[in-house]
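Heads up, the thing below is written out as structure tokens.
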Amino acid sequence: MVPVIALVGRPNVGKSTLFNRLTKSRDAIVADVAGLTRDRQYGEASWQGQRYILVDTGGISGDEQGLDMIMAGQSLQAIEEADAVLFLVDSRAGRTAADELIAQHLRKRNKHTYLIANKIDGADQDSIQGEFSKLGLGSPIGIAAAHGRNINPMLEMVFGENGIGSLAQEPLAEGEEGKAPRIVEAIGTKIAVIGRPNVGKSTLVNRMLGEDRVVVFDQAGTTRDTIYIPYERFEKPYTLIDTAGVRKRGRVSEAVEKFSVIKTLQAIEDSNVVIFVIDAREGVVEQDLHLLGFVLDAGRALVIAVNKWDGMDEREKDYVKIELQRRLIFAQFADLHFISALHGSGVGLLYKSVDKAFASAMTKVPTNRMTQILEDAVANHQPPVVNSRRIKLRYAHLGGSNPPIIIIHGNQVENVPQSYTKYLENTFRKVLGMAGTPIRVEYKGGE
Ligand code: GDP
Ligand code: GDP
């Protein structure tokens, strides 16, 4: 599972500055896509190829009444769900009562905690060490988030040999009352059913597993709270990643699982295909767009299920359809299904789209075929002339799957306009019959 790192600290220490610096790659993709907005609290980033989820907990001010108030906050859930905590303090301001309070809480948790002294620019190194070591969390790592200073050494600590890399092997017993989670071998297509609270995820998961032809293997296991359910349908293997905690209800004191953005993001990362559930009666709201942004960033194949389609009259249905087409323009590659998880209508058809999307996402195409498609595309519509030389695109190959990455080699590739890239993407998509998956186009120059 993708590790989660939480940024913790009182306001103004530089959390969002660090967040922005670490997630700036994500920015680029989301900024590209009209209609999608960025989530300021959750981000994806990668370091030396290791993807991770970053959470800016934002809210701990220390003005809360004691630890109980803090415990109640959103931030605490994020700390609980994180694999590592970056606890930020402000080198210029020195140690404060709020820092002490947060440190006290963190010392009690069994977490990889890194004490980060931000804003070391212009601050005195020796006094920083002395000042913040008193927090009882070791000696601080000094950084300047605003200037990008020491960020790599910091990440080296976090992901290095003694960091969360070493933790991946240990069985995590947290939260499960000492019971080590069993990790189940996922089979076939990994499907994550994703959506805001109450859109009908659990109802849909039950429907998908309750069909006559489904054989659920009795070995559902957990990675922390997320449950993996391997099964077969018409002898085709699938694994449902159940973030809604359907299978847990009843087993654990009837408790309804709390919606967790972090679990949702991890499930997206870990899946092949996302079934994104929208509530037809509420339409597309901001949180839907944030979650969809993550699906796109992760490059996952996508099927959109507009749920609760029962009991709507024709006028409402028309209105919702038009509205969805307008707002989901960035996800045009995805099939849209209008379903009722409650009554089961339309649910079987989802599998058709899931299978098609998975097959497209995993397509293998030989280089000569890719190059042929590129040559035909260029012959039909030449790339522009830049600096009085025409951009030359010579050959193409497939550099990855789920999402498919089309790598195009040529000259002056840094000058290819976005509209032309879009044209190439559409051409490859059409010729190769790819549906339901985003496609990435990347260029390699100088050849
Ligand atoms: P947050 O409330 O913890 O999210 O803090 P912000 O990221 O909003 O930063 C608070 C202020 O500190 C802003 O004015 C930043 O520009 C400033 N800041 C952040 N990092 C640095 C740094 O490395 N050096 C200096 N001098 N200022 C910084
Ligand atoms: P989750 O939080 O996304 O897992 O949502 P649930 O599956 O728990 O559903 C939330 C509520 O919506 C419950 O009261 C369900 O009975 C209801 N619901 C789910 N699917 C449908 C549907 O297709 N039609 C209608 N009318 N209600 C639904």
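The values are calculated or read from the model by the stated rules, or taken from the named source; none is laboratory data. Remember, predicted model here, so these are calculated numbers, not experimental data. Quick reminder, even Gly has a Cβ in these numbers, built from the backbone with ideal geometry, and neighbours come from all protein chains shown.
Taking the criterion of being within 24 Å of Asn162 (Cβ to Cβ) and without any contact (Cβ under 8 Å) to a residue 24 or more places away in the chain, the residues of segment 90-129 that qualify are Lys108, Gln125, Gln129. Given the structure, is Lys321 within 16 Å of ligand 2 (Cβ to nearest atom), among the basic types (Lys, Arg) and surrounded by 14 or more Cβ atoms within 10 Å (Cβ to Cβ)? Considered against the rule, which asks whether it is within 16 Å of ligand 2 (Cβ to nearest atom), among the basic types (Lys, Arg) and surrounded by 14 or more Cβ atoms within 10 Å (Cβ to Cβ), Lys321 comes out as no. Residues in segment 79-92 that are of a type outside the set (A, V, I, L, M), more than 10 Å from ligand 1 (Cβ to nearest atom) and touching a helix residue (DSSP H, G or I) at 6+ places or on another chain (Cβ under 8 Å) were compared, and the one that is farthest from Glu156 (Cα to Cα) is Glu81. In segment 258-312, the residue that is surrounded by the fewest Cβ atoms within 10 Å (Cβ to Cβ) out of those that are part of a helix (DSSP H, G or I) and of a type in the set (D, E, K, R) is Glu286. With respect to the conditions (1) part of a helix (DSSP H, G or I); (2) within 28 Å of Tyr52 (Cα to Cα); (3) at pLDDT 60 or above; (4) within 16 Å of ligand 2 (Cβ to nearest atom), Gly165 falls short on a single one, namely (4).
Within segment 325-344, if we keep just the residues that are within 16 Å of ligand 2 (Cβ to nearest atom) and either surrounded by 15 or more Cβ atoms within 10 Å (Cβ to Cβ) or within 14 Å of Gly436 (Cα to Cα) (or both), the residue that is nearest to the chain's Cα centre (by Cα) turns out to be Leu336.
Kindly evaluate Arg327 against the criterion of being basic (Lys, Arg) and more than 21 Å from Val441 (Cβ to Cβ). Step through it out loud before you land on a result.
Working: basic (Lys, Arg): yes; more than 21 Å from Val441 (Cβ to Cβ): yes.
Considered against the rule, which asks whether it is basic (Lys, Arg) and more than 21 Å from Val441 (Cβ to Cβ), Arg327 comes out as yes.
Within segment 322-355, being at pLDDT 95 or above, of a type in the set (D, E, K, R) and either touching a Gly at 6+ places or on another chain (Cβ under 7 Å) or under 24 Å from Glu286 (Cα atoms) (or both) holds for one residue alone: Asp335.
Across segment 4-22, the qualifying residues are those that are surrounded by fewer than 21 Cβ atoms within 10 Å (Cβ to Cβ) and either touching a residue at least 60 places away in the same chain (Cβ under 8 Å) or within 16 Å of ligand 2 (Cβ to nearest atom) (or both), and the one among them that is farthest from Thr226 (Cα to Cα) is Asn12.
Counting just the residues of segment 93-149 that are on the phi > 0 side of the Ramachandran plot and within 16 Å of ligand 1 (Cβ to nearest atom), which one comes out surrounded by the most Cβ atoms within 10 Å (Cβ to Cβ)? Can you show your working first?
If we filter segment 93-149 for residues that are on the phi > 0 side of the Ramachandran plot, which is where we start, we get 94, 119, 122, 136, 138, 148.
In the following step, the residues that additionally are within 16 Å of ligand 1 (Cβ to nearest atom) were identified as 94, 119, 122, 148.
On the way: Gly94: 13, Lys119: 24, Gly122: 8, Gly148: 11.
Per the criteria, the residue is Lys119.
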